[in-house]
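The values are calculated or read from the model by the stated rules, or taken from the named source; none is laboratory data. Since this is a predicted model, take the numbers as computed values, not measurements. Because the Cβ atoms are built from the backbone with ideal geometry, glycine has one as well, and the counts that use them run over all protein chains shown. When the accessible area is computed, the model is the full protein with side chains, heavy atoms only, and any ligands, DNA or RNA have been set aside. Shrake-Rupley method; radii C 1.70, N 1.55, O 1.52, S 1.80 Å.
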Amino acid sequence: MAQIFQPTPENLDFLSEVFRWGNIAAIPTETVYGLACNALDPQAVSKVFAAKGRPSTNPLIVHIDSLDDLETYAVVPQSAQKLIDAFWPGPLTLIFPKTEVVPDTVTAGLDSVAIRMPSHPVFRELGKRCDFPIAAPSANPFGYVSPTTSTHVMRTMGDKINWILEGGTCSGGIESTILSYKNPSQPTILRHGGIPIDALESILGRKILSKEVVVEEADQSLEAPGLLKRHYSPETRIELFTGTPPLLSEQEAIVLLQKGGRSSDSVFHFSENGLIEEIARNLYKVLQEIDQKQFKRVFIETPPTEGIGVAICDRLTRAAAQE
Ligand code: TXA
Ligand code: MG
């Protein structure tokens, strides 16, 4: 069973050794907890795939803690520099052509690599102690709800790993936005996330495409497996709604965007006052919580599709999808 480690200097030193010796551990980032290892060690990367039950065709994000290392792993077009300046460290993952330093296991054989620089202070402290980049998918079993606390990781992955680094509740609560620079003249969103598309567009001063617009559904699993129709899914059956809340029957529950007049064991809310950042922060926490109860069906209110609301609706739609 996993042990939770407080982020003391001694424990951070210890975890950097854990990685150096080819082992895996769960670590906090500002988006969600990651299941991490040395990205340059193919055997360690295979352990991450195995623990998560993730198909080896689904590549991992490589996390760095300093810009000095970026060009060792990726060929970065000039046009991406403005985004790096504006959003790193933070919840933006950029996909670039890879260098040969990056093992094929990490990129699932693709000639591109996904790179991100997390801002979580505990990640930064750990990253400083590692002389290699850190590969990490979210620290949940493949297809299940992502973890935003060490308790979530313990509950769903505790029997698969030995170490979980404590970093408190993730402040963002939703995964990074993934933007592909495979075609440098046409940056394309592969996954909506913590940085809204309009924030990217205003820095670049141009329109950005979304994958859904340019690629047939059949191609999606290979190019960006995060776009799978069913993903981020609790066991409990989910139905989405906007507007008037449905009436509840026996063993049904409801999640509202904002705390309202109704209060009972079957009424939950994502936020106190409807702020979209708070809804994002609590999204997975509430999904994890309702999945611990025995509801037959849960109705979930969706936010407007603006700003990070786009990413929240994306996750909820996939969470609710029936295969
Ligand atoms: O916020 C996040 O991004 C979190 C934290 C831990 O950093 N990580 C995360 O990783 O969400 P994961 O593995 O759950 O999702 C990464 C997504 C996957 O859908 C994967 O297919 C895609 O990134 N990806 C990785 N490398 C890629 C590449 N070279 N080309 C296309 N998609 C890639
Ligand atoms: Mg994931």
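Some observations on this one:
- Protein accessible area in the chain, 1.4 Å probe - carbon and sulfur %: 51
- Among beta bridges identified by DSSP and lying wholly in the chain, the antiparallel ones come to about 40 percent.
- Rounded, prolate or oblate (a/c below 1.5 giving rounded, otherwise prolate when a/b exceeds b/c) for the stretch 22-155 by Cα gyration tensor: oblate
- Ranked packing of 269-282, 76-89, most packed first, by mean Cβ within 10 Å: 269-282, 76-89
- 5 angstrom amide H check on S176, placed H, neighbours 5+ away: G194
- 10 °C / 1.306 mPa s Stokes-Einstein diffusion coefficient of the chain, Kirkwood radius on C-alpha pairs, µm²/s: 79
- The chain, helix-only ellipticity at 222 nm - DSSP H runs n ≥ 4, -39,500 (n - 2.57), divided by all residues, nearest 500: -8000 deg cm²/dmol
- Sites listed here are chymotrypsin sites (Phe, Trp or Tyr not before Pro) in the stretch 1-33 whose DSSP assignment is loop and whose Cβ has at most 13 other Cβ atoms within 10 Å: W21.
- Heavy-atom accessible surface of the chain, averaged per residue, reaches 43 Å², computed with a 1.4 Å probe.
- Partners for K47 among lysines (Cα-Cα distance below 25 Å; same-chain residues under 8 apart left out): K98, K128, K160
- Distance from the C-alpha centroid of the stretch 18-63 to that of the stretch 287-323: 26 Å, rounded to the whole angstrom.
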